[in-house]
There are 2 protein chains.
Amino acid sequence: MDKKNAFYAQSGGVTAVINASAAGVIEAVRENNATIGKLYAGLNGIVGALQEDLIDTSKESLSDIAALKHTPGGAFGSCRYKMNDYKDSPAEYERLIEVFKAHNIGYFFYNGGGDSADTCLKVSQISAKMGYPIQAIHIPKTIDNDLPLTDCSPGFGSVAKYIATSTKEASLDIESMSGSSTKVFILEVMGRHAGWIAASGGLAAEQAGDPPHIILFPEIPFSRELFIKKVEQTVHEKGFCVIVASEGAQYSDGAHISGSINKDAFGHQQLGGVAPTLASMIKQSTAYKYHWAMADYLQRSARHIASKTDVDQAYAVGRAAVEMAVQGKHSVMVSIERGSGKKYSWSLGEAPLEKVANMEKKMPRSFITKDGYGITQKARDYLEPLIAGEDYPPFKNGIPSYVRLKNVLVPKKLPKGFKV
Amino acid sequence: MDKKNAFYAQSGGVTAVINASAAGVIEAVRENNATIGKLYAGLNGIVGALQEDLIDTSKESLSDIAALKHTPGGAFGSCRYKMNDYKDSPAEYERLIEVFKAHNIGYFFYNGGGDSADTCLKVSQISAKMGYPIQAIHIPKTIDNDLPLTDCSPGFGSVAKYIATSTKEASLDIESMSGSSTKVFILEVMGRHAGWIAASGGLAAEQAGDPPHIILFPEIPFSRELFIKKVEQTVHEKGFCVIVASEGAQYSDGAHISGSINKDAFGHQQLGGVAPTLASMIKQSTAYKYHWAMADYLQRSARHIASKTDVDQAYAVGRAAVEMAVQGKHSVMVSIERGSGKKYSWSLGEAPLEKVANMEKKMPRSFITKDGYGITQKARDYLEPLIAGEDYPPFKNGIPSYVRLKNVLVPKKLPKGFKV
């Protein structure tokens, strides 16, 4: 049989829209059944390939695949598993190729961030070296928005919409309370290395001076003294202060804010993170009553308030990966390109994987205000289209109706398992 | 002039729908302008009455008032201010009556929880004693759902919908990650004295065994040993464990879970709350990777995912308060009554304020499973209708479009301010 099968896997932290990419891949493979055979999904990402745990996506109904477009999380399971270099761990790669050979897999679609782009590149290189050609194509995904060579990363727009909306809503709450009670509200958001998510909190402000009053970016060295001064000044002027803090916010020496104050009873570094640490600083320096929130997984799974732009792009990059494969392409990442017109438009392109892997795109300094605590109009112009549009999931009994796939495993063909 | 004016104020923690009650009051007062004069709103709750900071709601446009129905927070400002007993603080009450007299106010609409019901009752009693009759009517509001003599409290249904939805979404996220990474997710929710909000997390489960696997209620004494055992058992069986923990969860001696482990570097009781404390316990007893989230204000301001049932009820109780006043009623709270049919229905009633004030309605034991970690079908039957229906706000530039009122203050008539 000449027609090769395909493998798809989800990698790293999941998002509200990674399943939309999966839907794009699955639907496009079905449409291209003259060229591509079956599509197998890795159970728990690349680990599924290594352990020969392959899900037969042809067992899923059309309607369940369509429902992936509005279902958060990773429908096939994701993983945090970084493949080593070939020279350090040849057995891993040999095993991968062995599994791919056994199941006649010639297409490798990997859906993830920077680390996965690196894995995707390695698979492509090793397969050539081992004489079993695999067309490896990377499908971008990361809420951190730090992938290079693409205007944005699917997953980010929906987190950004959630954070902008939540910041606006919580700001109205604290403003109501500030007359006689809470004066400071801190929202901790994700983004360990880049401040894109924190920046999206700035979209809550419709006019200059609107909350959030302080955004803490990983890109701007934190000064406790200046921070407290800014909080006091803001409460003095506005009556309250709203802070959006990136989990990656750090001092000039690279030490993270979190962990700098609290230890638990056993002397362990604290559990908390940036928000409770900032709250502690405010408690020590001022008399303000404060509240803080830690959105954690809520922000990246909040499909109920996904960005329509983001959903559309996530679905489109999945489809495009398959179309590129059919065109014979490999070792590329599908990229999103922004049109040059004043009105936002986007199209898909491709970027060579060796230029994508393991690079991080941080916030440009020009996106951050001079004082380091806000976003500029340039940042707003970049961010706003990415959160545009609503795409509500269907609801049942008051909560969103999300799909659960059957995830039928393909019978194993290899004699024994592989320990990862 | 015979026609009396009315006073309306928001009290305590605000909600996603308290402004819908305000809209109901304002619109009903305008419709009843043959009986009631102007409606003044207190700037920052009852404090606005004491300080003669009265907002003239007649300056607001019809469309802005209508937009209150989809705007979270307290549009006139709320307060955390408890009136003392008359015998301890007669000056406060005398001041109130003085302000009401000066502005010809004969109707007092107070929108809040148990404490405010108490204030409302006192105002009613004192006004009679001081010979200046005030029709005091309480409009129920509390996310805690702990007001007695009403089937539910406006504000609760929307928080419940947010928590149920967020729990479901985060559960899909951690399930995807659990193969190789995070095994435990903890969501801390509000509700210091009653477990209604925590219980709503249980609605995320569609089938027995679905997450959340553990709910911690204030009503059930916490045992660290049993908790860890249950977490381990769940991870063993399901591969991961989702926990919804009430901020009010406590040991059998009444000590709160939060604060039982962490102290900051200065020896202060920790900042964290229940979620990080539970995370610390898990860290000390198991090798599981965990994540935790603290929804805080996000949960009670999340108008973008409000329950339509809740919005409708919040608006209706506001209108009903005015209609009751027109009928000459006073010293009552508007209540929500559930129909006896199988299909959910509700209507409005009234409850005498002296029976409402300062009582808390806790979760009945029959709503909690035998092991203390889940909700029963009875709880589900009670809760589900309260989160039913969606009522999305309009969006602009990717975020909800919320109204900001003009809040024009009435010129003061009294010589000097009053310090609260």
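Just so you know, all these numbers are worked out from the coordinates, no wet-lab data involved. All of these numbers come straight from a predicted model, not from anything done at the bench. Every residue, glycine among them, receives a Cβ derived from its backbone with ideal geometry; neighbour counts consider all protein chains shown.
Here are the numbers for this structure:
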| item | result |
| --- | --- |
| Acute angle (nearest 10 degrees) that the helix B:114-129 long axis makes with the longest principal axis of chain B, alpha-carbon atoms | 20 |
| Spatially proximal lysines relative to B:Lys355 (Cα-Cα < 19 Å; intrachain offsets below 8 disregarded) | B:Lys82, B:Lys122, B:Lys141, B:Lys329 |
| Chain A: angle of helix A:90-102 to the longest principal axis, Cα-based, in degrees nearest 10 | 60 |
| Label point 7 Å beyond Cα along the C-beta direction, distances from B:Glu337 to other copies (nm, shortest first) | 6.8 |
| In segment B:1-91, the trypsin sites (Lys or Arg not before Pro) that fall in loop regions by DSSP, at most 14 other Cβ within 10 Å | B:Lys3, B:Lys82, B:Lys87 |
| Cβ charges +1 (Lys, Arg) and -1 (Asp, Glu), total dipole of segment B:156-301, debye | 160 |
| Residue of chain B whose Cβ sits closest to the axis mapping B onto A, with distance in whole Å | B:Met294, 2 |
| Two-site FRET efficiency, B:Arg365 against B:Lys343, from Cβ-Cβ distance with R₀ of 25 Å, rounded to 0.05 | 0.40 |
| Pairs beyond 21 Å (Cα-Cα), from A:Lys161/A:Lys362; B:Lys69/B:Lys168; B:Lys283/B:Lys362; B:Lys69/B:Lys161; A:Lys59/B:Lys289 | B:Lys69/B:Lys168; B:Lys283/B:Lys362; A:Lys59/B:Lys289 |
| Other-copy label distances relative to A:Glu360, 7 angstrom Cα-Cβ extension, nm | 4.4 |
| Neighbourhood net charge (13 Å Cβ-Cβ; Lys/Arg +1, Asp/Glu -1) for A:Lys416 | +2 |
| Integer Hz, Karplus 6.51/-1.76/1.60 couplings in order for segment A:76-88, x for Gly and Pro | 10, x, 10, 8, 10, 8, 9, 5, 6, 5, 4, 5, 8 |
| Neighbour net charge for A:Ser347 - beta-carbon separation under 15 angstrom, K R +1, D E -1 | -2 |
| Label spacing, shortest first and in nm, from A:Ser285 to its equivalents in the remaining copies (7 angstrom along Cα→Cβ) | 3.8 |
| Helix-only [θ]222 nm of chain A, DSSP H runs n ≥ 4, -39500 (n - 2.57) each, per residue, nearest 500 | -10500 deg cm²/dmol |
| DSSP-loop GluC sites (Glu not before Pro) across segment A:327-403, with at most 15 other Cβ within 10 angstrom | A:Glu360 |
| FRET efficiency estimate (nearest 0.05) - Cβ-Cβ, B:Ala287 to A:Asn33, R0 60 angstrom | 0.85 |
| Gaussian network model of chain A, Cα within-10 Å springs - most flexible of A:Gly77, A:Gly254, A:Gly24 | A:Gly254 |
